[in-house]
Amino acid sequence: MAATTNTISVTNDSAAPEQAVPVDLTLSGTYAGSNPAYIEAVVRPAGGLGCQASYLEDVSTLGSEDTTIVAPGGTSVSAMNYSVGTNFKPPTPGSYQVCAWLSQNPDGSLPLAGPATVSLTARGPQVSQLVVTAPKTLTPNVPFQISYLMQSDQQLNLLSVIAKAGAAPCAPAYEQQAHPVTTVFGNGRQQVFGGPITTMASVTERLEGVGQADSREDRGDQSLTDRCLGGDGSRSVTPGRRGVKTPPRGARVTRGAPRCRT
């Protein structure tokens, strides 16, 4: 029978890691000692330095880049075979590196095994549907309804403004949208989750020109989906002498290459 050695490994148990959703990890291995040993683990954005020889060396070398997910002295093992679960929430989409050690001392010094490492890529929140529609014909100074059909896999903020078309395209983020605009939904006003669900908004515009409505679902400062109601593909209709210009009926939004469709 082979002698037990000290080992540690780390595995990612989440099939599709996602921003702000706990990513499950398993730290497992073997331990040959009689006194308790200790597990430490950190996570940081991938692409920089590799895992260092010990937890103490890693955090002293990488500093604020490291986020501790298993702190020194907090998780001990004494069995020959051990398995410990933990998790972390990726703060932003992107690639991450997890480092783990088995140490003799509770301060993260004197490593017995490791570093073990695993890399993973977290996607952004998934918005499978965002469709914005408005009436084809509008009357100045008369309220009209804008409909938002949405579906998402986590709680997000719906942000929407109306701006005059032709001056500038929709900004990549709500905070970067040029003024003047009419705010339909601002930060924290309308939250969405699950679906498909439909949200209605009543808006009154003077309609001095063709309207462009920029709508997006947002988590924090990250714009997830957006496009316009109107925009570059807007059509103008002039009934009689009133010169009322109207946006198209609506636009279906897809991630990657959004476009307006009349």
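Here are the numbers:
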read-out: Count - residues of the range 30-45 that are within 31 Å of the chain's Cα centre (by Cα) and open to solvent by 50 Å² or more (accessible area, probe 1.4 Å); value: 1
read-out: Ser95 under 28 Å from Gln126 (Cβ atoms), open to solvent by 40 Å² or more (accessible area, probe 1.4 Å), touching a Ser or Thr at 6+ places or on another chain (Cβ under 7 Å) and not β-branched (Val, Ile, Thr); value: yes
read-out: Subset of the range 27-46 [without any contact (Cβ under 8 Å) to a residue 60 or more places away in the chain and touching a strand residue (DSSP E or B) at 6+ places or on another chain (Cβ under 7 Å)]; value: Ser28, Thr30, Pro36, Val42, Val43, Arg44, Pro45
read-out: Residue within the range 127-148 that is without any contact (Cβ under 8 Å) to a residue 60 or more places away in the chain, charged (D, E, K, R) and surrounded by fewer than 15 Cβ atoms within 10 Å (Cβ to Cβ) present; value: no
read-out: Which listed residue, of Leu49, Leu27, is open to solvent by 30 Å² or more (accessible area, probe 1.4 Å), under 18 Å from Ser119 (Cα atoms) and either in contact with a helix residue (DSSP H, G or I) (Cβ under 6 Å, 6 or more places away or on another chain) or not charged (D, E, K, R) (or both); value: Leu49
read-out: Any strands (runs of 3 or more DSSP E) falling wholly within the range 158-225 and containing at least 1 residues that are at pLDDT 80 or above and closer than 30 Å to Thr92 by Cβ; value: 182-185, 191-203
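The values are calculated or read from the model by the stated rules, or taken from the named source; none is laboratory data. Note that the coordinates shown come from a computational prediction; the quantities given were computed from them, not determined experimentally. Heads up, the Cβs are rebuilt from the backbone with ideal geometry, glycines too, and the neighbour counts pull from every protein chain shown. Ligands, DNA and RNA are stripped out before the accessible areas are found, and what is left, the full protein with its side chains, is counted by its heavy atoms. Shrake-Rupley method; radii C 1.70, N 1.55, O 1.52, S 1.80 Å.
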